[in-house]
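Peer 1: Have a look at this one.
Read-outs: derived from the displayed coordinates by stated rules, not from any lab. Just so it is clear, the model here is predicted, and its values are computed rather than measured. Positions of Cβ are generated from backbone atoms using ideal geometry, with glycine treated the same way; all protein chains shown enter the neighbour counts.
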Amino acid sequence: MENLKDKKIAVLLSGGVDSSVVVYELARQGLHPDCFYIKIGPEEEEEWDCSSEEDLEMATAVAARYGCRLQVIDCHKEYWEQVTKYTMDKVRNGLTPNPDVMCNRLIKFGAFDQKAGYDYDLIATGHYAQTEIIDGQKWLVTSPDPVKDQTDFLAQIYDWQLRKALFPIGHYMKEEVREIAEREHLVNAKRKDSQGICFLGKINYNDYIRRYLGENPGDVLELETGKKLGKHKGLWFHTIGQRHGLGFGGGPWYAVKKDMKQNILYVSKGYEPLTAYKKDFSIHDFHFLTCNPWGDAGEVSVTFKIRHTPEYHPARLERKADGEYVVHSEHLIQGVAPGQFCVVYDEDHHKCFGSAEISWSE
Ligand SMILES: Nc1ncnc2c1ncn2[C@@H]1O[C@H](COP(=O)(O)OP(=O)(O)OP(=O)(O)O)[C@@H](O)[C@H]1O
């Protein structure tokens, strides 16, 4: 780990076990970083839900135990204006967004930096990810825990954000983090991992979308035959590759294509319909975390993932004349949904180069 003694460090402390072990790890090195709890309230003026209150209590207890200050930073407005706007803009256009990816760029390393983080050299989080300095440049590298690895969620942060990021538990497996928390009797050692959309937690994704976009019913047709099977409530509730309880019987049915103009959802039947798979697909707006390692080389070997799963898929990445890329996967990939991020790694899935958005395809 880099020499931290002369650095001013801010810890993003959520009240969960991972960021609490971050504080412990730094304290163990004689450091007393300032801790920050980011508050994102519900969008309506309802009561703050009790799990957030409990989170803040836990964060307060952990910071106090290690002699650190804790401050609450309100990023409510920024979350709804930036992350929600991004999410709704994408789904409205039939694309599949990833709010958790944008939350890291826009909120944890973004809005937070403008409000408090600017005063610090490093921002430490409990993400399962690591960094490495190679030839004087800082790279994002994967965690040894393939199930917990979160480099995919970090693959849209800006280079200056990566330079400020510190992942003090990134070299551990999740079990090791839990063991440390139990051994140190941290108040939250036995708490369950958070789930759902970052910060929104329990909010159901479809309800979140419905609140902004409402419903827009249209036909559902079988791709192969054009036969009408029924109605959908809005294309934005469907993601390419997803198996849906559309309630038609005779399935399972998979969403395989959206016709935005005519508001039609096409589905295919069967457990593994070939229409739900792809080997070759285009990506655009490649965001490099550190730098473009390939220059304008025509083709390179990489690994990639398009979903938060432990597998990395081998592929050839082809650079087109316009500077965009085509992914040629070795294996068939299920559910290649436009708008999703394709996160690209080196052949050994060690270094994360960055990510690009999967392009719309007819
Ligand atoms: N409300 C919050 N306030 C401050 N930091 C946060 C908050 N939520 C998440 N973070 C930071 O982002 C990191 C990753 O968030 P994620 O939701 O993936 O948490 P997690 O893996 O469950 O971690 P934790 O156990 O620390 O909650 C956390 O470890 C923490 O550093």
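Peer 1: Describe numerically, in nm with one decimal, the distance between label points set 7 Å from Cα along Cα→Cβ at A61 and at Q262.
Peer 2: 5.9 nm
Peer 1: Also, quick follow-up: If you take the Cα atoms of segment 286-333, find Rg, then find the Kirkwood Rh from the mean of 1/r over all pairs, what is Rg/Rh?
Peer 2: My calculation puts Rg/Rh at 0.97.
Peer 1: With all pairs of different alpha carbon atoms counted, what Kirkwood hydrodynamic radius in Å does the chain show?
Peer 2: Taking the inverse mean of 1/r over all distinct Cα pairs, the chain comes out at 21.9 Å.
Peer 1: Determine ³J(HN,Hα), in whole Hz, for all residues of segment 19-26 in sequence, where each value follows from phi through the Karplus function 6.51 cos²θ - 1.76 cosθ + 1.60 and θ = phi - 60°; x replaces Gly and Pro.
Peer 2: Here the 3J(HN,Hα) series is 6, 5, 5, 4, 4, 4, 4, 6 Hz.
Peer 1: Where both residues lie in segment 9-183, what percent of DSSP beta bridges are antiparallel, nearest 5?
Peer 2: Bridges in segment 9-183 that DSSP calls antiparallel: roughly 30 percent.
Peer 1: How far apart, in nanometres, would the label points at L332 and M173 be if each is projected 7 angstrom from Cα along the Cα-to-Cβ direction?
Peer 2: Each label point is offset 7 Å from its Cα along the Cβ direction, giving 3.4 nm.
Peer 1: Taking a threshold of 22 Å on the Cα-Cα distance, which of the pairs K8/K164; K228/K269; K228/K257; K77/K115; K85/K278; K7/K164 fall above it?
Peer 2: From K8/K164; K228/K269; K228/K257; K77/K115; K85/K278; K7/K164, over 22 Å: K85/K278.
Peer 1: Please identify, among G214, G234, G110, the residue showing maximal mean-square fluctuation in a Gaussian network model of the chain using a 10 angstrom Cα cutoff.
Peer 2: So, out of G214, G234, G110, the one fluctuating most is G214.
Peer 1: Looking at the chain only, what percent of DSSP beta bridges run antiparallel? Nearest 5 please.
Peer 2: 75 percent
Peer 1: Around H232, which amide H atoms from residues at least 5 apart in sequence, or from another chain, sit under 5 Å from its own amide H, with H modelled in the peptide plane?
Peer 2: G218, D219, V220
Peer 1: Mind giving me the FRET efficiency for D135 and Q71? R0 is 41 Å, r the Cβ-Cβ distance, nearest 0.05 is fine.
Peer 2: 0.65
Peer 1: Continuing with this model, one more query. What ranking, highest mean first, results for peptides 281-288, 349-356 when packing means the other Cβ atoms within 10 Å averaged over each residue?
Peer 2: Top to bottom by mean Cβ count within 10 Å: 349-356, 281-288.
Peer 1: What do you get for Rg/Rh of segment 239-362 when both radii come from the Cα atoms and Rh is the Kirkwood radius?
Peer 2: My calculation of the ratio gives 1.02.
Peer 1: For helix 50-65, what angle does its Cα long axis make with the longest principal axis of the chain, in degrees from 0 to 90 and rounded to 10?
Peer 2: 30 degrees
Peer 1: So, one more: On the Cα set of segment 63-198, report Rg and Dmax in Å, please.
Peer 2: Calculated on Cα positions, Rg and Dmax stand at 16.3, 49 Å.
Peer 1: Just subtract the alpha-carbon distance of D207 and A297 from 0.36 nm times their residue separation and send over the number in nm, one decimal.
Peer 2: On the way: separation 90, 0.36 × 90 = 32.40 nm, distance 4.45 nm.
Using 0.36 nm per residue and subtracting the Cα-Cα distance, I get 28.0 nm.
Peer 1: So in segment 217-271, what percent of DSSP beta bridges are antiparallel if you round to the nearest 5?
Peer 2: Of those bridges, close to 80 percent are antiparallel.
Peer 1: Along the three principal axes, how long is segment 217-271 when you take its alpha carbons, biggest first, rounded to the nearest angstrom?
Peer 2: 28, 20, 16
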